[in-house]
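Following: one structure in structure tokens, then a few remarks.
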Amino acid sequence: MKKIVLLSLVLLPLFAIAQFSKGQIYLGGTMSASVLNNNYPLNPGSGGPSKSNVFSISPVFGYFLNPKLAIGGSIGYSSSDSESDFLSTFYVNNNIPYTLPGYVKTITNSISVSSFTRYYIALSHSFYFAAQGQISFSRSNNRYENVNNGSLGDQTTDSPSYSLGASLKPVFIFFSISEVGD
């Protein structure tokens with residue numbers, strides 16, 4: 001069943017109609033997830049085991065004002081967290097080394113909103129170029145925790161951040177099969 005769904009997603013663009021018209025809408029977007037686990041040994045002076053998880057989703061929608069001009073937007077969310085263990089060595093009276101286990105954890109959550117305008121230029125019946133102007137805004141919250149099991153002083157820092165951006169980028173669109181009856 002998984003193979004049929006994957007094959008359908010790959011072949012679906014082959015049957016697209018290479019023509020835009022006023023009032024058409026389109027939907028798209030991206031989604032990604034990753035998990036990483038390293039099981040390095042825990043040694044003084046170096047990192048130890050670590051793990052990280054990342055997830056993001058960003059649906060995109062658009063509306064054609066005419067066959068050459070479309071407007072649209074996107075709302076995105078992303079989340080990431082990572083943690084790594086370490087050993088801290090410090091020296092007490094008479095330079096006697098004392099080692100404590102600890103970990104560093106970082107968590108980031110962000111949300112973004114963008115709007116864009118695309119101007120399409122047909123290079124051939126199956127190939128289009130579009131210039132896309134985009135304005136975007138995002139807000140993130142970053143939390144950093146450095147934990148040394150309470151002995152060396154734990155540290156937690158929250159830092160929100162905001163960004164506002166504008167971009168101009170090229171977009172290329174290729175339709176492999178033209179509309180029947182052209």
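Can you tell me which residue within the range 88-107, out of those that are at pLDDT 70 or above and under 38 Å from the mean Cα position of the chain (by Cα), is nearest to Phe137 (Cα to Cα)?
By that ranking, first place goes to Ile107.
Scan the range 97-127 for residues that are outside any strand (DSSP E or B) and within 21 Å of Ile71 (Cα to Cα) and report the count.
Going through the range 97-127, the residues outside any strand (DSSP E or B) turn out to be 123-126.
If we keep only those that are within 21 Å of Ile71 (Cα to Cα) too, we end up with 123.
The total comes to 1.
If you take the residues of the range 108-156 that are surrounded by 15 or more Cβ atoms within 10 Å (Cβ to Cβ) and of a type in the set (Val, Ile, Thr), which of them is modelled with the lowest pLDDT?
Val147
The values are calculated or read from the model by the stated rules, or taken from the named source; none is laboratory data. All values reported here derive from a predicted model rather than from experimental measurement. Note that we place each Cβ from the backbone using ideal geometry, even for glycine, and neighbour counts take in every protein chain shown.
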